[in-house]
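One structure below.
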Amino acid sequence: MLYLVGLGLGDAKDITVKGLEAVRRCRRVYLEAYTSVLTVGKEALEEFYGKELILADREAVEQEADSILKEADVSDVAFLVVGDPFGATTHSDLVLRAVKLGIPYTVIHNASIMNAVGCCGLQLYNFGETVSIVFWTDTWKPESFFDKIKKNHQNGMHTLCLLDIKVKEQSLENLMKGKKIYEPPRYMSVNQAAEQLLAIIQNRRLQGEEAEITENTICVGLARVGAPDQKIASGTLYQMSTVELA
């Protein structure tokens with residue numbers, strides 16, 4: 001049996017009772033370590049769960065999924081995901097692979113930012129399409145997420161913006177040379193995301209477009225939702241570019 005277990009948003013104790021029972025009876029337990037992070041490390045989870053965890057990075061999940069599913073047809077294997085198991089499309093792919101191989105699976109859900117965002121006071125029914133704001137580079141500065149935010153705004157809807165995480169990423173130089181050297185982890189902050197949005201607004205103005213979303217559009221920033229030290233701030237987009245929620 002393959003178990004996909006949501007871990008919630010805070011720390012080791014956010015796992016459900018059903019999820020913990022599944023983890024403790026599994027022969028192998030993988031911890032997905034690239035779409036989101038908890039406020040505690042792998043060691044704290046291992047101590048609470050009473051199981052050794054195998055870190056599964058993007059490469060392992062997307063390119064070596066068969067190794068995760070190995071022998072799951074004759075023994076129990078758990079795949080742990082921060083938040084809810086279906087918060088990322090990669091995990092749906094793992095389920096499809098299991099079905100194709102005839103491996104039974106069970107999903108154990110948990111809280112996700114997709115519903116916990118309601119803690120900021122905005123009604124979940126009034127959210128439109130969720131977007132991801134990615135880190136820009138010197139040569140790659142996509143703006144597609146801004147167009148989706150704009151469309152939601154036109155429809156009178158809020159937009160949940162998920163901020164980029166870079167874990168075990170290679171530089172272009174090392175990637176081209178085939179060197180397995182990885183950059184330090186990076187986590188986009190609210191003010192970094194706001195700065196990129198402001199840059200897009202400025203670019204659109206230079207192109208003659210007067211965006212409906214401006215420096216004065218009201219935004220809400222959230223950090224570490226579900227943790228004891230979670231922070232929430234509201235203000236204009238310009239004010240969000242100066243806020244510090246670390």
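The values are calculated or read from the model by the stated rules, or taken from the named source; none is laboratory data. Being a predicted model, the structure only gives us computed values, none of them experimental. Heads up, the Cβs are rebuilt from the backbone with ideal geometry, glycines too, and the neighbour counts pull from every protein chain shown. Just so you know, the surface numbers come from the protein's heavy atoms only, side chains and all, with ligands and any DNA or RNA stripped out. Shrake-Rupley method; radii C 1.70, N 1.55, O 1.52, S 1.80 Å.
Collect the residues in region 7-43 that are touching an Asp or Glu at 6+ places or on another chain (Cβ under 7 Å) and over 19 Å from residue 91 (Cα atoms), keeping them in residue-number order.
25, 27, 39, 40 - these are the residues of region 7-43 that are touching an Asp or Glu at 6+ places or on another chain (Cβ under 7 Å) and over 19 Å from residue 91 (Cα atoms).
Take region 29-48 and flag every residue that is surrounded by fewer than 16 Cβ atoms within 10 Å (Cβ to Cβ) and not aliphatic (A, V, I, L, M).
41, 42, 43, 46, 47, 48
Name the single residue, out of those in region 49-68 being open to solvent by 70 Å² or more (accessible area, probe 1.4 Å) and of a type outside the set (Lys, Arg), that is nearest to residue 229 (Cα to Cα).
55
Could you list all residues from region 173-227 that are within 23 Å of residue 40 (Cβ to Cβ) and part of a helix (DSSP H, G or I)?
Hit for region 173-227 is 190, nothing else.
In this structure, does residue 172 turn out to be under 24 Å from residue 37 (Cβ atoms) and either at pLDDT 95 or above or out of contact with any Leu (no Cβ under 9 Å at 6 or more places or on another chain) (or both)? Explain how you work it out, then say what you get.
Details: under 24 Å from residue 37 (Cβ atoms): no; either at pLDDT 95 or above or out of contact with any Leu (no Cβ under 9 Å at 6 or more places or on another chain) (or both): yes.
Spelling it out, it is not the case that residue 172 is under 24 Å from residue 37 (Cβ atoms) and either at pLDDT 95 or above or out of contact with any Leu (no Cβ under 9 Å at 6 or more places or on another chain) (or both).
Filter region 102-135 for residues that are more than 20 Å from residue 237 (Cα to Cα) and touching a residue at least 60 places away in the same chain (Cβ under 8 Å) and give the result.
Within region 102-135, 103, 104, 105, 106, 107, 108, 109, 110, 111, 112, 113, 116 meet the criteria.
In region 1-28, what count of residues is obtained for those that are of a type in the set (Ser, Thr, Tyr) and surrounded by fewer than 19 Cβ atoms within 10 Å (Cβ to Cβ)? Write out each step before concluding.
Narrowing region 1-28 to residues of a type in the set (Ser, Thr, Tyr): 3, 16.
Right, trim to surrounded by fewer than 19 Cβ atoms within 10 Å (Cβ to Cβ) and you get 16.
Qualifying residue count, region 1-28: 1.
I'm trying to understand the selection: among the residues of region 151-167, which are more than 24 Å from residue 245 (Cα to Cα) and either at pLDDT below 95 or open to solvent by 50 Å² or more (accessible area, probe 1.4 Å) (or both)? Step through it out loud before you land on a result.
Taking region 151-167 and keeping what is more than 24 Å from residue 245 (Cα to Cα), we get 151-157.
Result: 151, 153, 154, 155, 156, 157.
So in region 216-228, with the set limited to residues that are free of Cβ contacts under 8 Å to residues at least 40 places away in the same chain and surrounded by fewer than 15 Cβ atoms within 10 Å (Cβ to Cβ), which one is nearest to residue 11 (Cα to Cα)?
Checking each candidate, the answer is 218.
Of the residues 84, 138, 147, only one is in contact (Cβ under 8 Å) with a residue 12 or more places away in the chain and among the acidic types (Asp, Glu); which?
Working: 138 fails: in contact (Cβ under 8 Å) with a residue 12 or more places away in the chain; 147 fails: in contact (Cβ under 8 Å) with a residue 12 or more places away in the chain.
Matching residue, one of 84, 138, 147: 84.
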